[in-house]
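The structure under discussion appears below in the form of structure tokens.
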Amino acid sequence: MKHRLFGLSCLICLLLFTCAQARTPNPIAGEQIFHAAGGCGCHTDVENGGPLLAGGRPLPTPFGVFYANNITPDPTTGIGSWSDEDFVRAMREGIGPEGQHYFPSFPYPAFSKMSEEDLLHLKDYLFSLPPIQQNNQPHELQFPFNLRLNAWFWNVLFHDAKPITPDPSRSASWNRGRYLTEAVAHCAECHTPRNQLGVLRSDLAYAGAKEGPEGKLTPNITPDKETGIGGWNQDDLVYALQTGMVPNGDFLGNLMGMAIEHYQELPDEDLEAIAEYILSLPPIVNQVREKKAKSTDDFDW
Ligand code: HEC
């Protein structure tokens with residue numbers, strides 16, 4: 001009897017062990033993460049009608065032109081042959097499966113703050129999409145930025161991979177908003193200006209950039225009344241993330257317009273959480289837009 005019991009418990013242990021090893025892919029949970037990440041829009045060459053996530057989208061920067069990679073599950077030209085570990089390492093540490101260092105134009109500093117579970121769900125979703133065979137295009141960078149060694153230096157000097165830990169003194173929705181904003185949606189990667197080494201300027205976090213991604217202006221989204229979005233309330237911001245329409249009736253375009261096509265798929269609570277977090281940021285005075293003449297813009301009826 002004792003022997004049988006022993007045998008049975010060994011079998012249960014073995015089963016539990018195997019279950020813990022094999023991960024069940026969860027592309028449905030991953031789809032939410034994909035939307036929160038703005039649909040990984042930089043990887044689709046929309047302007048030239050390029051296929052979904054197959055790369056090739058040019059991203060001009062002061063350092064030269066980056067071309068986003070093919071992140072479809074094609075095994076030869078995309079990421080189809082990547083293991084879970086390869087994917088997590090790329091997203092967290094900016095290091096590819098062959099040990100190559102990615103340039104920080106790929107916002108791994110933000111993604112490194114994501115939980116492993118969310119990263120794996122995102123991989124599951126990407127792997128559920130159609131594979132597209134399309135070779136990656138080499139970046140066209142100016143010297144000395146073209147040296148991949150620089151990416152290594154950058155990584156060692158400036159990258160600190162640490163998932164976000166909740167702040168117990170804040171509400172659950174604020175913490176959720178912080179996680180989505182700082183990690184998954186990587187809002188700062190576009191809304192924070194960079195120094196000459198391409199490092200985000202923490203003194204101007206979310207305060208807008210005259211030359212943001214694609215050389216275009218990104219507005220100051222800190223709650224400063226004059227130069228940011230201090231005049232907006234939480235509903236205004238949720239509405240803008242859902243519809244692209246801002247309080248003065250304008251519609252957001254460019255990379256933001258593309259991201260909104262995905263943010264609008266998020267549950268209301270997530271958008272409210274993002275808005276709660278953004279509006280709790282310290283207001284920073286940073287005039288990135290041309291000041292409009294008072295008489296025409298602020299017309300009082
Ligand atoms: C890929 C780059 C990118 C990302 C990521 C991004 N934005 Fe933007 N955002 C922009 C650009 C570019 C504009 C300006 C669009 C325009 O003028 O049509 C903009 C505009 C805005 C505006 C309008 C501000 C105003 O004064 O009109 C808000 C608010 C905003 N973004 C919030 C966010 C939030 C919140 C996130 C993260 C959830 C985010 N953005 C992520 C690029 C980005």
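The values are calculated or read from the model by the stated rules, or taken from the named source; none is laboratory data. As the structure is a computational prediction, the values presented were derived from the model and not from experiment. For neighbour counting, all protein chains shown are included, and Cβ atoms are generated from backbone atoms with ideal geometry for every residue, glycine included. Ligands, DNA and RNA are excluded from the accessible area calculation, which covers all protein heavy atoms including side chains. Shrake-Rupley method; radii C 1.70, N 1.55, O 1.52, S 1.80 Å.
At a glance:
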quantity	calculated
Filter result for Thr18 (modelled with pLDDT of 90 or more and among the β-branched types (Val, Ile, Thr))	no
Of the criteria (1) modelled with pLDDT of 90 or more; (2) assigned to a loop (DSSP other than H, G, I, E, B), which one Pro163 fails	(1)
Residue that is nearest to the ligand (Cβ to nearest atom), among those in region 157-177 that are open to solvent by less than 80 Å² (accessible area, probe 1.4 Å) and under 23 Å from Lys123 (Cβ atoms)	Ile164
Checking Phe63 against (1) modelled with pLDDT under 90; (2) on the phi > 0 side of the Ramachandran plot; (3) of a type outside the set (S, T, N, Q), the condition it does not meet	(2)
Scan of region 79-109 for residues that are assigned to a loop (DSSP other than H, G, I, E, B) and out of contact with any helix residue (DSSP H, G or I) (no Cβ under 9 Å at 6 or more places or on another chain), ordered by number	Ser81, Ser83, Glu98, Gly99
Cross-chain or 6+ apart pairs with Cβ under 7 Å, region 264-278 first and in contact (Cβ under 8 Å) with a residue 40 or more places away in the chain and farther than 17 Å from Glu182 by Cβ, then open to solvent by less than 10 Å² (accessible area, probe 1.4 Å) and more than 12 Å from the ligand (Cβ to nearest atom)	none
Residue list for region 186-215, filter: part of a loop (DSSP other than H, G, I, E, B), over 18 Å from the mean Cα position of the chain (by Cα) and among the charged types (D, E, K, R)	Lys210, Glu211
Count of region 87-105 residues which are buried (at least 20 other Cβ atoms within 10 Å of the Cβ) and without any contact (Cβ under 8 Å) to a residue 40 or more places away in the chain	3
Selection within region 188-219 - out of contact with any strand residue (DSSP E or B) (no Cβ under 9 Å at 6 or more places or on another chain) and open to solvent by less than 20 Å² (accessible area, probe 1.4 Å)	Tyr206, Ala207
Failed criterion for Thr76 (all others in (1) open to solvent by 80 Å² or more (accessible area, probe 1.4 Å); (2) at pLDDT 95 or above; (3) within 30 Å of Leu217 (Cβ to Cβ) hold)	(3)
Selected residue (criterion: nearest to Ile132 (Cα to Cα)) from residues of region 55-71 that are open to solvent by less than 20 Å² (accessible area, probe 1.4 Å) and over 17 Å from the mean Cα position of the chain (by Cα)	Gly56
Count of residues meeting criterion [more than 8 Å from the ligand (Cβ to nearest atom) and open to solvent by less than 40 Å² (accessible area, probe 1.4 Å)] in region 220-232	5
